[in-house]
Each structure stands twice: as structure tokens, then as C-alpha cells.
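Take a look at the structure set out below.
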Amino acid sequence: MQTASDDQRPGRGSSLARALSEYRPAAGRERADLDRARSLLGTGDPWRRDNPLHLTGSALIVHPASRRVLLRWHPRQRAWLQVGGHADPDETDPLVIALREGYEETGLTDLVPWPDGALVHLVVVPVAAGKGEPAHEHIDLRYVLATGDPAAARPESADAELRWLDVPSARALTTEANLREFLDRVGRLFDRH
């Protein structure tokens with residue numbers, strides 16, 4: 001039987017295990033990425049940054065009424081990407097991590113999972129060496145978060161510009177194929193909701 005304390009141990013959170021077990025990958029590469037994510041569950045803390053392969057949580061923030069998405073300029077990667085990042089100590093729920101990162105990077109206080117709290121995309125992303133870290137990989141667990149007040153978005157710093165865009169414009173702005181796939185999925189969610 002699982003106890004509340006078991007649910008809070010790093011790498012053992014039922015929300016992480018549930019997100020991975022409920023996730024349905026779209027293609028062979030994504031199935032392999034999901035298998036890599038599942039393999040981390042029994043190895044201690046899958047969120048630890050000093051592991052060469054570790055989990056991160058991110059989200060595309062959307063304004064459903066206008067069908068727009070919010071992209072953030074990431075100076076280190078020199079790319080327009082979604083919001084997100086690493087777990088803080090004792091965080092084990094990928095959706096909670098995505099919500100915290102969304103708030104920290106945009107100042108939006110009304111973020112909610114949209115259209116539900118399901119994991120929308122999972123992808124292994126290579127990360128170049130920098131900031132004292134060697135090259136490594138993130139298994140990024142991606143969600144969609146909605147705001148009702150897009151005008152309230154504020155960048156966390158002067159070099160972290162934010163842009164609200166429709167999905168085709170966001171696809172054109174990003175250079176990352178995996179983000180284009182995520183944007184395509186969000187476009188399909190807009191069509192269904």
C-alpha cells in the first residue's frame with residue numbers, strides 16, 4: 001500500500017508515475033523517449049540536474065479565446081521556446097513544476113491546466129554545455145496552461161521577451177522541430193475545444 005510519504009519521495013510521486021502511465025506517445029521516437037522516462041522512475045531522483053539524463057517540466061501557455069500561444073525568448077538557447085525548467089528541491093509533480101515555471105517566467109497568476117491536466121507531449125531534448133554544466137539531456141514533460149488575462153504577462157527579465165502569437169506564427173518563429181510538434185498538438189486542441 002502506498003502512503004502519503006511514499007508519494008512525496010523524489011522519483012516516487014504518484015502524479016509522475018500516473019502521467020507517464022497515462023501518456024500515449026504518437027510515434028516510434030516518442031515511444032522510445034517515454035521508455036527512457038519510465039526507466040528513470042526506479043533510479044532514485046529522476047529530476048536531479050547532475051544526472052546526464054533528467055526530467056524537466058514545461059508548458060505552452062495559451063489564451064483559448066484568441067487561440068494564441070505565448071513564446072519566451074531563451075537567451076542561453078538563443079531560441080523562442082515554451083516556458084519551463086527544472087524541479088525545485090522536493091518537487092516531484094511535473095504539472096506543478098510547469099505551473100511554477102509558468103508563473104515565474106511570465107508573472108501570470110491565473111494559470112490553469114487546459115483543457116485538462118494531461119501530459120500533452122514528452123520529448124528528449126539535448127542540451128549543450130554551458131553555465132558550468134556538461135552537455136546533457138532533458139526528458140521534457142510538456143503541458144498546456146491557460147490564462148484568461150494575456151495582457152498581464154510580464155517577462156521575468158529584460159532579455160526574456162514574451163510574444164503572444166497564433167499557432168502558424170509561433171511555428172514560423174521557432175527553430176525547434178520538437179516545439180513545432182507541440183504547437184501542432186496545441187492547434188488540434190484549439191480545434192477540439
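The numbers here are math on the coordinates, done by the rules we state, and not lab data. Nothing here was measured: the structure is a model prediction, and the numbers come from that model. Cβ sites come from the backbone with ideal geometry, for glycine too, and all protein chains shown count toward neighbours.
Before moving on, here are some points about what is shown:
- Arg154 versus Asp88: modelled label distance in nm, points set 7 Å from Cα along the beta carbon direction: 1.8
- Amide H contacts under 5 Å for Ala79, placed H, 5+ residues apart: His74
- Under a Gaussian network description of the chain, with springs only between Cα atoms under 10 Å, the residue in Gly148, Gly107, Gly42 that fluctuates furthest is Gly42.
- For segment 107-114, the Karplus equation 6.51 cos²θ - 1.76 cosθ + 1.60, evaluated at θ = phi - 60°, returns couplings of x, 6, 9, 10, 5, 9, x, 9 Hz by residue, with Gly and Pro reported as x.
- Placed amide H near Leu141: partners under 5 Å, 5+ positions off or other chain: Thr56, Gly57, Ser58
- Projecting the Cα atoms of Ile97, Leu71, Leu55 onto the charge dipole of segment 49-101 (Cβ charges, centred on the Cα centre) puts Leu71 farthest toward the positive pole.
- Cα gyration tensor shape for segment 64-104, rounded if a/c is under 1.5, else prolate or oblate: oblate
- Assigned charges on the beta-carbon of Lys, Arg, Asp, Glu; the chain dipole about Cα centre (debye): 560
- Vicinal HN-Hα couplings computed from phi for segment 139-147 (Karplus, 6.51 cos²θ - 1.76 cosθ + 1.60; Hz; Gly/Pro x): 9, 8, 9, 10, 10, 10, 10, 10, 10
- Calculated SAXS-style log₁₀ I(q)/I(0) at q = 0.15 Å⁻¹ - segment 95-152, Debye, Cα scatterers: -0.56
- What the Cα convex hull of the chain gives, in volume per residue, is 124 Å³.
- Overall dimensions of segment 70-172 by Cα: Rg and Dmax, Å: 13.9, 39
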